[in-house]
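What follows is a set of notes on a single structure, which appears directly below.
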Amino acid sequence: MDLLLSSYAEEGSPTHGSSDPDSSPTRIPLPSKSAAPNVDDTMLSLTVSGQAHSQVHKPLDPTQHVVSFNPTYDQLWTPIVGPAHPYAKDGLAQGLRNHKLGFVENASIESFVFDEQYNTYYKFGYAADPSENRYVGDVVGFEKNDGITVYNIPQHEQKKRKLEKKKEMMEENDQVVDAVEVENPASETWLMNNRKSPWSGKKEWVQGELTEEQKKYAEEHAKKKAEKEGVEREKGESHLDKSTFHGKEEKDYQGRSWIAPPKDAKASNDHCYIPKKLVHTWSGHTKGVSAIRFFPRHGHLILSAGMDTKVKIWDVFNSGKCMRTYMGHNKAVRDIYFTNDGTKFLSAGYDKNIKYWDTETGQVISTFSTGKIPYVVRLNPDDDKQNILLAGMSDKKIVQWDINSGQITQEYDQHLGAVNTITFVDDNRRFVTSSDDKSLRVWEFGIPVVIKYISEPHMHSMPAISLHPNKNWLACQSLDNQILIYSTRERFQLNKKKRFAGHIVAGYACQVNFSPDGRFVMSGDGEGRCWFWDWKSCKVFRTLKCHDGVCIGSEWHPLEQSKVATCGWDGLIKYW
């Protein structure tokens with residue numbers, strides 16, 4: 001270290017202890033290009049007794065363009081000659097330095113003021129100097145205009161300019177009209193028929209006699225307008241509720257209605273069989289069929305909900321034709337449900353309406369809506385409570401109406417997703433609902449409190465549920481391609497021994513159903529097949545290829561033990 005200090009002193013560099021103010025650093029010549037660069041030992045940190053660590057650097061010659069080492073920032077900006085100011089850096093007081101290269105004075109001007117002076121300068125040739133209280137530019141013009149800016153024009157000046165502009169426009173319009181009348185007399189008729197010309201100022205033109213061509217055009221225009229209004233009126237009427245009867249007569253020679261069940265309709269035996277072949281196909285829907293329901297207890301009619309906004313009812317026993325079409329929804333129909341006696345039914349559509357129809361006459365008795373889409377509609381199965389309607393909505397609620405009064409009497413609001421199914425259990429004192437939130441909830445009828453909540457990590461959404469004929473079990477169509485069985489007893493537990501699989505239903509709310517004797521489980525799937533499983537062994541009994549596309553619904557005939565109806569998104573209803 002002593003050697004370094006002595007060598008540094010010999011080179012004439014000032015030390016920290018130096019008190020000579022006139023001392024200046026000696027310039028050290030840079031090595032030549034041919035020689036190897038010397039090690040710059042003056043970059044080292046030197047310790048001087050009685051003082052803290054500090055850096056001592058060689059100054060750089062500003063005339064040199066090549067440096068043989070990497071100089072520091074302080075070296076680059078070291079004063080060339082003369083001693084350094086004890087309280088300043090680069091000859092500038094430390095407190096005033098606010099930029100890498102020294103001190104920059106802050107200047108601020110509002111954007112509006114800048115725009116005003118900028119535009120004033122280009123308009124009038126003068127502008128205010130923001131740093132001093134004076135004007136620059138055309139001083140004579142400034143005095144002549146009384147110092148006005150483009151944004152600060154006196155009131156009398158504004159009024160004067162407006163009058164001048166108005167006068168110019170009127171003169172121009174008069175010139176244009178005169179020129180047109182003189183140069184182009186053929187356009188006079190056109191001007192007469194256009195009461196106000198776009199370039200005629202404020203002149204009004206009096207209607208003259210129409211030519212034959214103009215009369216013809218006016219007649220055609222009026223005709224088209226009338227036709228358009230007629231089409232719009234028809235469209236409006238089409239959204240009104242109406243129904244069309246397709247049968248021969250609504251009452252037979254004995255005065256019985258067409259919906260009356262045949263007297264000989266009864267079950268032949270108690271044993272059900274799996275169907276083998278196609279018996280009949282009903283085709284009339286122009287789009288897919290979303291649900292089918294047999295007429296209660298007798299099954300001589302079948303009701304279908306179509307995505308073509310229509311609900312149709314078909315004859316099963318005799319002609320096999322469509323008996324009546326119910327038109328009231330203006331979007332696809334999602335669900336349908338008969339009353340216990342079949343004389344009325346409910347329909348729920350994506351137009352957010354629930355309609356209560358008279359099956360025989362096709363009239364809408366009442367319409368219900370909450371402004372949300374109803375996904376499922378059910379009536380209380382008790383004969384004395386057929387006026388109570390429950391609907392599972394897209395806004396996670398189950399809404400209960402009194403059909404007679406049309407009032408909402410209860411709301412069940414616990415689900416976290418759209419409600420898909422409502423199934424009454426326990427002698428209709430309770431009901432089970434499933435939802436998009438992948439849970440099952442059990443409710444006490446009339447009390448909006450969940451008495452049982454079933455939700456497991458392995459559970460999937462169950463958009464279709466059916467009750468076993470003995471009313472002890474619920475079959476739930478799970479979207480992980482299996483049918484799960486839950487008991488309807490107090491605990492509502494999953495029956496792990498019974499699980500029906502093999503079909504592909506992921507993403508589709510395919511209806512699951514039982515045979516009337518409870519021996520078979522039936523379900524459509526996403527590939528158009530209908531599957532039959534044995535209830536006891538849980539094995540696949542038979543598979544029928546029913547539809548092109550999704551087989552969304554399947555119903556077992558209530559009386560004819562070996563007959564089944566299926567519906568699909570191909571718009572067909574098939575009877576097997």
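The values are calculated or read from the model by the stated rules, or taken from the named source; none is laboratory data. These numbers come from a predicted model, not from an experiment. Neighbour counts are summed over all protein chains in view; Cβ atoms, including those assigned to glycine, are modelled from backbone coordinates with ideal geometry.
Looking at segment 533-554 only, could you name the residues that are crowded, with 20+ Cβ neighbours inside 10 Å, in a strand (DSSP E or B) and either touching a Lys or Arg at 6+ places or on another chain (Cβ under 7 Å) or without any contact (Cβ under 8 Å) to a residue 12 or more places away in the chain (or both)?
Trp533, Leu544, Cys551
Being at pLDDT 85 or above and of a type in the set (Asp, Glu) is the filter; apply it to segment 520-549 and report the residue that is farthest from Trp282 (Cα to Cα).
The selected residue is Asp534.
Considering every residue within segment 395-402, establish whether at least one is within 30 Å of His246 (Cα to Cα), in a strand (DSSP E or B) and free of Cβ contacts under 8 Å to residues at least 24 places away in the same chain. So that I can check it myself, show each step before the final result.
So in segment 395-402, the residues within 30 Å of His246 (Cα to Cα) come out as none.
Looking through segment 395-402, none of the residues is within 30 Å of His246 (Cα to Cα), in a strand (DSSP E or B) and free of Cβ contacts under 8 Å to residues at least 24 places away in the same chain.
Kindly state which strands (runs of 3 or more DSSP E) lie completely within segment 314-367 and contain at least 2 residues that are charged (D, E, K, R), at pLDDT 85 or above and more than 20 Å from His298 (Cβ to Cβ).
Output list reads 333-338.
Within segment 426-435, is there a residue that is in the same structural domain as Ile485 (by TED's automatic domain parsing), touching a strand residue (DSSP E or B) at 6+ places or on another chain (Cβ under 6 Å) and part of a loop (DSSP other than H, G, I, E, B)?
Among the residues of segment 426-435, not one is in the same structural domain as Ile485 (by TED's automatic domain parsing), touching a strand residue (DSSP E or B) at 6+ places or on another chain (Cβ under 6 Å) and part of a loop (DSSP other than H, G, I, E, B), which makes the answer no.
Can you tell me which residue is farthest from Trp556 (Cα to Cα) among those in segment 438-468 that are polar (S, T, N, Q) and assigned to a loop (DSSP other than H, G, I, E, B)?
Checking each candidate, the answer is Ser455.
Is segment 496-504 home to any residue that is out of contact with any helix residue (DSSP H, G or I) (no Cβ under 7 Å at 6 or more places or on another chain), β-branched (Val, Ile, Thr) and in contact (Cβ under 8 Å) with a residue 24 or more places away in the chain?
No, that holds for no residue.
Consider Val376 carefully, then state whether it is touching an Asp or Glu at 6+ places or on another chain (Cβ under 6 Å) and among the hydrophobic types (A, V, I, L, M, F, W, C).
yes
Check off (1) surrounded by fewer than 19 Cβ atoms within 10 Å (Cβ to Cβ); (2) within 19 Å of His298 (Cα to Cα) for Phe514 and give me the number that stays unchecked.
Exception for Phe514: condition (1).
Would you check if Asp341 is in contact with a strand residue (DSSP E or B) (Cβ under 9 Å, 6 or more places away or on another chain) and of a type in the set (Asp, Glu)?
In short, no.
I'd like to check something: does segment 491-510 contain any residue that is closer than 22 Å to Ile302 by Cβ, crowded, with 18+ Cβ neighbours inside 10 Å, in the same structural domain as His458 (by TED's automatic domain parsing) and in contact with a Gly (Cβ under 7 Å, 6 or more places away or on another chain)?
So far as segment 491-510 goes, yes, one or more of its residues are closer than 22 Å to Ile302 by Cβ, crowded, with 18+ Cβ neighbours inside 10 Å, in the same structural domain as His458 (by TED's automatic domain parsing) and in contact with a Gly (Cβ under 7 Å, 6 or more places away or on another chain).
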